[in-house]
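One structure below.
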Amino acid sequence: MDCLLGIQKMLEQGIQADLIVTDPPYFIKSTKAGGKSELARSIQPMNDQLAQNRLTVGIDDVYLKAMWDVMKVPNIYIWCNGAQIPQYIDFFVKQRKCKMDMIIWRKTNATPLFCNKYLSDKEYCLYFRRGAYCQPLSYDKATVYDLPINAKDKRLYGHPTIKPQPIIRNLVENSSKEGYLVLDPFMGSGTTAVACKELKRNFIGFEINPDYHAASLKRLAAAIPAEVEENEISYQRQAV
């Protein structure tokens, strides 16, 4: 299901998230109907590959506003490329007075795109909060993670921008308690969902791509077979 529609349904039912951890595609435009345009959908496979190398930019503020509205208190981790950082700072810090931290994944096995370019060896995750829960003592305070790109997971789950499970697990553990509700509006292959299941957090996720949706269910079933419920992960073949 497109996350705008999913979040609308959550709000209609009085459901709000304690934490959002998400990795949006780096080019998303909304339509009045609440879904991605035909153009955005048609170029999505190519854009996923470009996003892996931080070569695209752009997420419509309507998605940020929807995520803002569905949180009990501001408590969100959002992955982005370097060009998007000013947009997110403007939305969350300048306009809404959130505190911000930056987490960096430094890829230890990155390869150069072109011979005359620096390595594309970093990805950024911005954490915005205002009055949100954070582990007071024992949580992992690291802001830089030196980890390799997991080519095996990329092949296994068919997602070009999959994030390392240890990083996502730390983010969930650092900023939520057992029983809290975690939302991932762009859940891809289900990295956040798996972390939530392992850490005994409740989870809601939305994914519009049927292939990624199927991969996430397979991944969850492999991680914790007895606890996977398909209705926790929604998708649709076309945005409405």
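Derivation of every value follows stated rules applied to the coordinates shown; laboratory data play no part. Values in this document were obtained by computation on a predicted structure and should not be read as measured data. Heads up, the Cβs are rebuilt from the backbone with ideal geometry, glycines too, and the neighbour counts pull from every protein chain shown.
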In nanometres, the difference between 0.36 nm per residue of separation and the alpha-carbon distance of Leu199 and Ala83 is 38.5 nm
Nearest-20 debye value, segment 56-111 charge dipole, Cβ charges on Lys, Arg, Asp, Glu: 220 debye
Trypsin sites (Lys or Arg not before Pro) within segment 66-103, DSSP loop, no more than 16 other Cβ atoms inside 10 Å: Lys72, Arg96, Lys97
I need Leu19, Leu126 ordered by Cβ neighbour count within 10 Å, fewest first. Leu126, Leu19
Given Lys65/Lys163; Lys122/Lys177; Lys94/Lys163; Lys72/Lys99, the pairs whose alpha carbons are separated by over 19 Å: Lys65/Lys163; Lys122/Lys177; Lys94/Lys163
